[in-house]
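Participant: What follows is a structure written as structure tokens; I'll ask about it next.
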Amino acid sequence: MTTAVAEPALEEDDLLPAAADDQDIPVPPGAPRALLGSLLAPHRRRIAVAVLTVLVQQATLQAGPLLVALAIDRGIPALRDHDAGPLIAVTAAYLGCALVATLLQRSFIRYAARINQDILLDLRGRIFRHAQRLSLDFHERYTSGRIISRATSDVDTLRELLAEGLQELLMVCLSVGYITVVLCLMDWRLGLAALVSFLPMYLIIRSFRRRSQQVYRRSRTAVAALIVRFTETMNGIRPVQAFRRESANNRAFDTVNQQSATATADGLLEMARYVFLSRMTANTWITGVVVLGALLVSDGSLELGVLTAFVLYLRRLYDPIDQLAMFLNSYQSAAAALEKMAGLLAHEPSVPEPAEPTPLPAATGKGREVAFRGTRFAYANGKEILPEFDLVLPAGQTTAVVGATGAGKSTLAKLLARFYDPTAGTVTLDGVDLRALTTADLRADVVMVTQESFLFSGTVAENIAVGKPDATRSEIEAAARAIGAHEFIAALPDGYDTDVRKRGGRISAGQRQLVAFARALLADPAVLILDEATSSLDVPGEQAVQHAMQTVLAGRTAVIIAHRLSTVEIADRVLVMDQGRVVEDGTPAALIAGEGRFATLHQTWKDSLV
Amino acid sequence: MAENQNPAPPTPAESNTPSTGDIGSSPESVPRSPVRSLLRLWPYAREARWRIFGSMAAAGLASLSVLAVPIVLRGIVDGPIAHHDLAGLWPLAAALLVLGLAEACLFGVRRIIVARPLAKVETRLRGDLFAKLQRLPISFHDRWPSGQLLSRATSDLFVMRLFLAFPLVFLVVNSTVFLTGTVLMFTLDWRLALITLVPAVPLMVYTRRFEAGYSAASRLAQDQNGDLATVVEESVLGIRILKAFGRHRTMAEEFRRHSAALRDTELRKAGLLGNLWAAIVGLPELALGAALATGAVLVAHDELSVGTLVAFLSTALALRWPVESIGWLLGFAAEAASAANRYFEVMDEPEPADVPPAPRGAGRYPHSGDAPADDRGIRFTGVRFRYPDAPAGTPDLLAGIDLHIRPGETLALVGATGSGKTTLTALLPRLYEPTAGSITLDGTDIRDLSREELRREVAVAFEEPTLFSATVRENVLMGAPNADEQRLARALDTAQAGFVDRLPEGLDTEVGEQGLSLSGGQRQRLALARAVVGEPRFLVLDDPLSALDVHTEALVERALRQVLSDTTALVVAHRPSTVLLADRVALLADGRITAVGTHQELLQSCPAYRALMSGESELEGALAR
Ligand SMILES: Nc1ncnc2c1ncn2[C@@H]1O[C@H](COP(=O)(O)OP(=O)(O)O)[C@@H](O)[C@H]1O
Ligand SMILES: Nc1ncnc2c1ncn2[C@@H]1O[C@H](COP(=O)(O)OP(=O)(O)O)[C@@H](O)[C@H]1O
Ligand SMILES: [Mg+2]
Ligand SMILES: [Mg+2]
């Protein structure tokens, strides 16, 4: 049943342009099934117990009719002879069975839910952790919406399968197996005739699986596309409203919404087709067997009673068709989702964790030396941004990087923070290649304040504590004070406990930068990278930060990217970048005294000041 | 069953990510009966009503044909086969075949006729939600975590559609079957029927209790699902921060906490469901045991025939599925009801009033020429504003803004970080509404314009240059969908966005989610191009050059000055260089405009301004040390 799941996702490109990216993630053959296997494996024992519970429960439940027969055949005659014993015994047995069946039903539901939920917890965690492990170049393409859909709506389909599907499959197998055996024992010729019906049934199921597989894939893709649109619109609601994009967005959303509706309806229609075909086959077969049986009876080779019983059982043989349909439905849906999830999980980060990490030399308290050697870099989709270069930043030095926007300053910084690995050459920290450091070691020593000061929803204190999760409140306040953020934070409704809301929307842009800065200070790294960390601050605020930096940067290697040249003045060294190359390199004083770009820039800037 | 005894649902607010617990219109405050909640789906389901009824009818007929088949079978066995009358076999066999085919068709039809309409119902619900969310004010979006909105648009709608497709149909069909069966049982023997029905009373009482508990648990689970989506979204959008600080573990821990909470709720639901199933399966079965014993006694005393007893018991057994299914259906209905509640919570949010848009061309908007000279341009009169969640007792953030920007003038707005500059600019396109006072454009109060018209006149470049995952062209043309290539080129020129030609696919390069495959300055310039491409009459630029280097900044300024020469513009500025773009400068402090004048004038006359522009006081302090 699972073979077809392994086939890689195909016809998706004709569906949605936005979803075409899904193809960038190849699904290794067998991965979805392996994923399912690895999810179920740890619970093998508990699943067996659950299966056993159902078996016993069904057995007690099936005992009912038998006991009724006993009551009538034995209990009543005995009662007529004034012997209430047998009836009492049968009734007691009946009640006992009912009680046991009830209790087993209850425990099965609870027990199965426990297994299911543990599996889902595991799966959600895996997807989440894996998404976190994946590198930035991946996230830039994949979009948050798709990851959300993997971790929520795709997981939900598996929940459906586990919650109902497995129990259904079990029942189907049980009753089909049981009845088939009974039929064959009753009369082998009729039994064989009944068995033959499994062939068309199999074909119908196979065709359903084939056809619905495409449909469910489309459905998963469409749902992901919906989520992508939805999240992006809600995240950009200000520009959306300000630029009157509502109706255009509605139209675009409508398209994906329709696609999802079509896929959903197609799935339902496939189901209908399956139910219709299989019911028809079953009912035709029943008629056929009845006729055959009648003929056999009339030529005397079959007893009437056997035929009667046979026909009754035969009908029950096909009863689970609906249940099987439900199972197949959730199975197909989950299979399509598993495929997507397995694809995500099989994607390896392009910035991997080292297999054999190298420890850093002990900290000296003076910062660490950073060296780029023969380094080149190009983003995955484009031309080279940083041509080959060598650069050494001695421990404890504060280096300012200036240059036109798009010159590659942030890219350089991101290589140093190992957001990306260089396409050639190395980046080393105290002589150790960044690629050989564990994430923990690297992040403990190298921290970057990115150009986008992203805050998480949660309190100010929590946001600062991202720099050091176990920080005490006084440490947090000290970090905020150091850069002059304390005053505004204290003035917020709940001070440090004010919820800044999604993306920190509760506070102003400059305040967000201060919080992001405080966060980096709290982390107390040996190498600190500031990428335009004060660009939204007012001049006094920026000066306060600069003033603070003179103390804060002592004992650290620092890289400061800034356009306000006032920032540069506190640096020991200035790099001027142009089109990915370092074109000037020297102390601020030397460069200002010279005739290069920096001198010109500096002059322009001086002129712009009051 | 202990779980049911305290129906108070824990609020999802116990987590530190905001969830619905933080939201004013807390769901717990308005308990609705599940039926009432589900009835609200009617307007959407209305369109599909005949199909749904048809589906019910087909399901009902199919159940009947299922009952008819045994009769025909009996006919075959008792008639042709028993009498070795092969000729009589064929018509009955044909009848059997026809019944079987009819049954198959009915089963198919039941599904086929609702497939597309119900998918469409879901689509319409979702489309309406999306449209509604886009109309709701920014203050709403400030309050609501996006995952909560998303989960409403996906999993909640899914549950609602599923409810319309199956449980609703079966709720009706199975109840009918159950009632028919009950009547049948009464006609067979009323005493036994009464015994069999005894459990109905405790079951009904229990079911009500179950509904309450299960609804609350479903609601909680749905909210937690929303929280989970929020955490995932934040963890991806904030991936740079998490990577920069190596905090993926902390975040994974947070995620685990949320998903563990969800698991606990799901287990609570399963516990409730388990109890319900036990009650629904067990009680009737016990009653049946009692009926069996009583029936046997009655038969022994010849008050009942064996045949009737058998008929009675098989009828009762046949009703097992309809009764059992009620458990499943009720659970589903409760879930769908709380999903519907969540959905309508958002749909019921009041939308800000809006005047209907005037027909194109015939705008109410008076052209500058018509207004008295004094009214022209942008005028703020006594504008006050405070965010809805500002703590009581604090002064308004904007406490009486009086400001006039003359037509064609560029006014720079300066003020300390957090003084309310961005807030002030957001009032102009009515992203927020002033709490008092008025804003006029060329003499027309902005409240007398439809938002559509207003926003056509006013273009904004936001402080954070939010781009969308689309091509550069699409991002820029958001500002003016009908602009031609020439205007596009001009806008890109103004913003000094020549870099787009060097992108891999030029104007058709995808910029990635939030434009993150561009450098900060490139993003900002595209956002600027987007604001100017429509050649709006009023332009708001919120710190538009903060990510530009000095050189590019000068170029952009030079180009902007041209554009701004006949545009009325409000430019938020931090630095002297940007201020120089403007004709005049206004200083925002303590919620008021405390000084207006040219840059030079203010430098001379206003120490606060001087301090803000040069950080002089700080510098002096530093030098004095
Ligand atoms: N994630 C990315 N994917 C592809 N190209 C990128 C990405 N980030 C930046 N670029 C490109 O690399 C160049 C350098 O960008 P960046 O280093 O951010 O410049 P800046 O000096 O302004 O910080 C730009 O042309 C930009 O378009
Ligand atoms: N959405 C919001 N909800 C509540 N308070 C806000 C919101 N946005 C900003 N604030 C508060 O209003 C003040 C002014 O913010 P803002 O207008 O962004 O300042 P700026 O002058 O730096 O642009 C800040 O103190 C901030 O905390
Ligand atoms: Mg940059
Ligand atoms: Mg601002």
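Participant: Determine whether residue B:540 is within 16 Å of ligand 4 (Cβ to nearest atom), in contact (Cβ under 8 Å) with a residue 60 or more places away in the chain and more than 8 Å from chain A (Cβ to nearest Cβ).
Facilitator: Details: within 16 Å of ligand 4 (Cβ to nearest atom): yes; in contact (Cβ under 8 Å) with a residue 60 or more places away in the chain: yes; more than 8 Å from chain A (Cβ to nearest Cβ): yes.
Criteria met by residue B:540.
Participant: Give me the residue from the stretch A:401-429 that is in contact with a Ser or Thr (Cβ under 9 Å, 6 or more places away or on another chain) and on the phi > 0 side of the Ramachandran plot and, out of that set, farthest from ligand 1 (Cβ to nearest atom).
Facilitator: A:425
Participant: Can you tell me which residues in the stretch A:220-247 are touching a Ser or Thr at 6+ places or on another chain (Cβ under 6 Å), part of a helix (DSSP H, G or I) and of a type outside the set (Val, Ile, Thr)?
Facilitator: Scanning the stretch A:220-247 gives A:222, A:224, A:226, A:234, A:239.
Participant: Could I ask something else about it? Filter the stretch A:135-144 for residues that are within 8 Å of chain B (Cβ to nearest Cβ) and in contact (Cβ under 8 Å) with a residue 12 or more places away in the chain and give the result.
Facilitator: Answer for the stretch A:135-144, where residues must be within 8 Å of chain B (Cβ to nearest Cβ) and in contact (Cβ under 8 Å) with a residue 12 or more places away in the chain: A:136, A:141, A:143, A:144.
Participant: Here's something else I'd like to know. Of all residues in the stretch A:481-520, which are of a type in the set (S, T, N, Q) and within 31 Å of the chain's Cα centre (by Cα)? Give the steps one after another, and end with the answer.
Facilitator: Filtering the stretch A:481-520 for residues of a type in the set (S, T, N, Q) gives A:498, A:508, A:511, A:513.
Of everything in the stretch A:481-520, those that are of a type in the set (S, T, N, Q) and within 31 Å of the chain's Cα centre (by Cα) turn out to be A:498, A:513.
Participant: Ok, one more. With the structure loaded, tell me whether residue A:132 is in contact (Cβ under 8 Å) with a residue 40 or more places away in the chain, within 7 Å of chain B (Cβ to nearest Cβ) and part of a helix (DSSP H, G or I) or whether it fails that test.
Facilitator: Working: in contact (Cβ under 8 Å) with a residue 40 or more places away in the chain: no; within 7 Å of chain B (Cβ to nearest Cβ): yes; part of a helix (DSSP H, G or I): yes.
Taking the combined requirement at face value, the residue does not satisfy it.
Participant: So, residue A:596, is that one in the same structural domain as residue A:513 (by TED's automatic domain parsing), closer than 28 Å to residue A:377 by Cα and touching a residue at least 60 places away in the same chain (Cβ under 8 Å) or not? Show your work before the answer.
Facilitator: On the way: in the same structural domain as residue A:513 (by TED's automatic domain parsing): yes; closer than 28 Å to residue A:377 by Cα: yes; touching a residue at least 60 places away in the same chain (Cβ under 8 Å): no.
Criteria not met by residue A:596.
Participant: Same structure again: Scan the stretch B:68-91 for residues that are within 9 Å of another protein chain (Cβ to nearest Cβ), closer than 30 Å to residue B:54 by Cα and either assigned to a loop (DSSP other than H, G, I, E, B) or out of contact with any Asp or Glu (no Cβ under 9 Å at 6 or more places or on another chain) (or both) and jot them down.
Facilitator: Passing the criteria: B:70, B:73.
Participant: Please go through the stretch B:374-398 and pick out each residue that is open to solvent by 10 Å² or more (accessible area, probe 1.4 Å) and in a strand (DSSP E or B).
Facilitator: Initially, the stretch B:374-398 is screened for residues open to solvent by 10 Å² or more (accessible area, probe 1.4 Å), giving B:374-376, B:379, B:381-382, B:384, B:386-397.
Answer for the stretch B:374-398, where residues must be open to solvent by 10 Å² or more (accessible area, probe 1.4 Å) and in a strand (DSSP E or B): B:379, B:381, B:382, B:384.
Participant: Report, ordered by the first and then the second residue, all pairs with beta carbons closer than 9 Å, sequence separation of six or more or different chains, a first member in the stretch A:52-72 that is not assigned by TED's automatic domain parsing to the domain that holds residue A:91 and in a helix (DSSP H, G or I), and a second member that is among the basic types (Lys, Arg) and open to solvent by 60 Å² or more (accessible area, probe 1.4 Å).
Facilitator: Note: no pairs meet the criteria.
Participant: Scan A:251, A:244 and give me the residue that is open to solvent by 10 Å² or more (accessible area, probe 1.4 Å), modelled with pLDDT under 90 and among the charged types (D, E, K, R).
Facilitator: Working: A:251 fails: modelled with pLDDT under 90.
Unique residue meeting the criteria: A:244.
Participant: Also: Given the criteria open to solvent by 10 Å² or more (accessible area, probe 1.4 Å), within 16 Å of ligand 1 (Cβ to nearest atom) and touching a helix residue (DSSP H, G or I) at 6+ places or on another chain (Cβ under 9 Å), does residue A:488 qualify? Steps first, answer last, please.
Facilitator: Numbers: open to solvent by 10 Å² or more (accessible area, probe 1.4 Å): yes; within 16 Å of ligand 1 (Cβ to nearest atom): no; touching a helix residue (DSSP H, G or I) at 6+ places or on another chain (Cβ under 9 Å): yes.
No.
Participant: Given the criteria facing chain A (nearest Cβ under 8 Å) and either more than 16 Å from residue B:462 (Cα to Cα) or open to solvent by 20 Å² or more (accessible area, probe 1.4 Å) (or both), does residue B:553 qualify?
Facilitator: Working: facing chain A (nearest Cβ under 8 Å): yes; either more than 16 Å from residue B:462 (Cα to Cα) or open to solvent by 20 Å² or more (accessible area, probe 1.4 Å) (or both): yes.
Yes: the conditions hold for residue B:553.
Participant: Can residue B:525 be described as in contact with a Pro (Cβ under 9 Å, 6 or more places away or on another chain) and either more than 27 Å from residue A:576 (Cα to Cα) or within 16 Å of ligand 4 (Cβ to nearest atom) (or both)?
Facilitator: Taking the combined requirement at face value, the residue does not satisfy it.
Participant: Right, something else. Suppose we filter the stretch A:364-387 for residues that are open to solvent by 90 Å² or more (accessible area, probe 1.4 Å) and either modelled with pLDDT under 90 or hydroxyl-bearing (Ser, Thr, Tyr) (or both); how many remain? Spell out the reasoning first.
Facilitator: To start, the set of residues in the stretch A:364-387 that are open to solvent by 90 Å² or more (accessible area, probe 1.4 Å) comprises A:364, A:366, A:373, A:380-381, A:383.
Checking which are either modelled with pLDDT under 90 or hydroxyl-bearing (Ser, Thr, Tyr) (or both) leaves us with A:364, A:366, A:380-381, A:383.
Qualifying residue count, the stretch A:364-387: 5.
Participant: Quick check on the stretch B:497-519: of everything there that is in contact (Cβ under 8 Å) with a residue 40 or more places away in the chain, open to solvent by less than 60 Å² (accessible area, probe 1.4 Å) and within 19 Å of residue A:385 (Cα to Cα), which residue is nearest to ligand 4 (Cβ to nearest atom)?
Facilitator: Out of the qualifying residues, it is B:515.
Participant: Related question: Select, from B:475, B:482, the only residue that is of a type outside the set (A, V, I, L, M, F, W, C), open to solvent by less than 10 Å² (accessible area, probe 1.4 Å) and within 30 Å of residue A:143 (Cα to Cα). It would help to see each step written out before you state the result.
Facilitator: Numbers: B:482 fails: open to solvent by less than 10 Å² (accessible area, probe 1.4 Å).
B:475 is the lone residue from the list that is of a type outside the set (A, V, I, L, M, F, W, C), open to solvent by less than 10 Å² (accessible area, probe 1.4 Å) and within 30 Å of residue A:143 (Cα to Cα).
Participant: Identify, by number, the condition in (1) at positive phi; (2) open to solvent by less than 60 Å² (accessible area, probe 1.4 Å) that residue B:494 doesn't meet.
Facilitator: Condition (1) is where residue B:494 drops out.
Participant: Specify which of the listed residues (B:252, B:216, B:229, B:221) is touching a Phe, Trp or Tyr at 6+ places or on another chain (Cβ under 7 Å) and not charged (D, E, K, R).
Facilitator: Numbers: B:216 fails: touching a Phe, Trp or Tyr at 6+ places or on another chain (Cβ under 7 Å); B:229 fails: touching a Phe, Trp or Tyr at 6+ places or on another chain (Cβ under 7 Å); B:221 fails: touching a Phe, Trp or Tyr at 6+ places or on another chain (Cβ under 7 Å).
Exactly one of B:252, B:216, B:229, B:221 is touching a Phe, Trp or Tyr at 6+ places or on another chain (Cβ under 7 Å) and not charged (D, E, K, R), namely B:252.
Residue-by-condition table, conditions (1) within 16 Å of ligand 3 (Cβ to nearest atom); (2) surrounded by fewer than 19 Cβ atoms within 10 Å (Cβ to Cβ):
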{"position": "A:411", "(1), (2)": "yes, no"}
{"position": "A:426", "(1), (2)": "no, yes"}
{"position": "A:437", "(1), (2)": "no, no"}
{"position": "A:451", "(1), (2)": "yes, no"}
{"position": "A:471", "(1), (2)": "no, no"}
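Participant: Which residues, taken from the stretch B:289-306, are open to solvent by 10 Å² or more (accessible area, probe 1.4 Å), part of a helix (DSSP H, G or I), out of contact with any Lys or Arg (no Cβ under 8 Å at 6 or more places or on another chain) and within 18 Å of residue A:74 (Cβ to Cβ)?
Facilitator: If we filter the stretch B:289-306 for residues that are open to solvent by 10 Å² or more (accessible area, probe 1.4 Å), which is where we start, we get B:290, B:293-294, B:297-298, B:300-306.
Keeping just the survivors that are part of a helix (DSSP H, G or I) gives B:290, B:293-294, B:297-298, B:300, B:306.
Those still in the list that are out of contact with any Lys or Arg (no Cβ under 8 Å at 6 or more places or on another chain) too: B:290, B:293, B:297, B:306.
Across the stretch B:289-306, the qualifying residues are B:293, B:297, B:306.
Participant: With respect to residue A:575, is the statement that it is within 16 Å of ligand 1 (Cβ to nearest atom), at pLDDT below 85, among the aliphatic types (A, V, I, L, M) and crowded, with 21+ Cβ neighbours inside 10 Å true?
Facilitator: On the way: within 16 Å of ligand 1 (Cβ to nearest atom): yes; at pLDDT below 85: no; among the aliphatic types (A, V, I, L, M): yes; crowded, with 21+ Cβ neighbours inside 10 Å: yes.
Against the criterion (within 16 Å of ligand 1 (Cβ to nearest atom), at pLDDT below 85, among the aliphatic types (A, V, I, L, M) and crowded, with 21+ Cβ neighbours inside 10 Å), residue A:575 does not qualify.
Participant: Would you be able to tell me the number of residues in the stretch B:395-450 that are charged (D, E, K, R) and within 16 Å of ligand 2 (Cβ to nearest atom)?
Facilitator: Going through the stretch B:395-450, the residues charged (D, E, K, R) turn out to be B:396, B:402, B:406, B:409, B:421, B:430, B:433, B:442, B:445, B:447-448.
Now restrict to residues that are within 16 Å of ligand 2 (Cβ to nearest atom): B:396, B:421, B:430, B:433.
Result for the stretch B:395-450: 4.
Participant: Kindly evaluate residue A:365 against the criterion of being more than 32 Å from the chain's Cα centre (by Cα), part of a loop (DSSP other than H, G, I, E, B) and either hydrophobic (A, V, I, L, M, F, W, C) or not assigned by TED's automatic domain parsing to the domain that holds residue A:601 (or both).
Facilitator: Working: more than 32 Å from the chain's Cα centre (by Cα): yes; part of a loop (DSSP other than H, G, I, E, B): yes; either hydrophobic (A, V, I, L, M, F, W, C) or not assigned by TED's automatic domain parsing to the domain that holds residue A:601 (or both): yes.
When the stated conditions are applied, residue A:365 passes them.
Rundown of residues vs (1) open to solvent by 60 Å² or more (accessible area, probe 1.4 Å); (2) over 37 Å from the mean Cα position of the chain (by Cα); (3) modelled with pLDDT of 90 or more, yes/no style:
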site	(1), (2), (3)
B:41	no, no, no
B:74	yes, yes, no
B:102	no, yes, yes
B:123	no, no, yes
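Participant: Please find, among A:417, A:413, A:395, the residue that is in contact with a strand residue (DSSP E or B) (Cβ under 8 Å, 6 or more places away or on another chain), of a type in the set (A, V, I, L, M) and farther than 22 Å from residue B:243 by Cβ.
Facilitator: Working: A:417 fails: farther than 22 Å from residue B:243 by Cβ; A:413 fails: farther than 22 Å from residue B:243 by Cβ.
None of the other options fit; the residue is A:395.
The values are calculated or read from the model by the stated rules, or taken from the named source; none is laboratory data. Not measured: the values here are computed from a predicted model. Backbone-built Cβ (ideal geometry, glycine too); neighbour counts: all protein chains shown. Ligands, DNA and RNA are stripped out before the accessible areas are found, and what is left, the full protein with its side chains, is counted by its heavy atoms. Shrake-Rupley method; radii C 1.70, N 1.55, O 1.52, S 1.80 Å.
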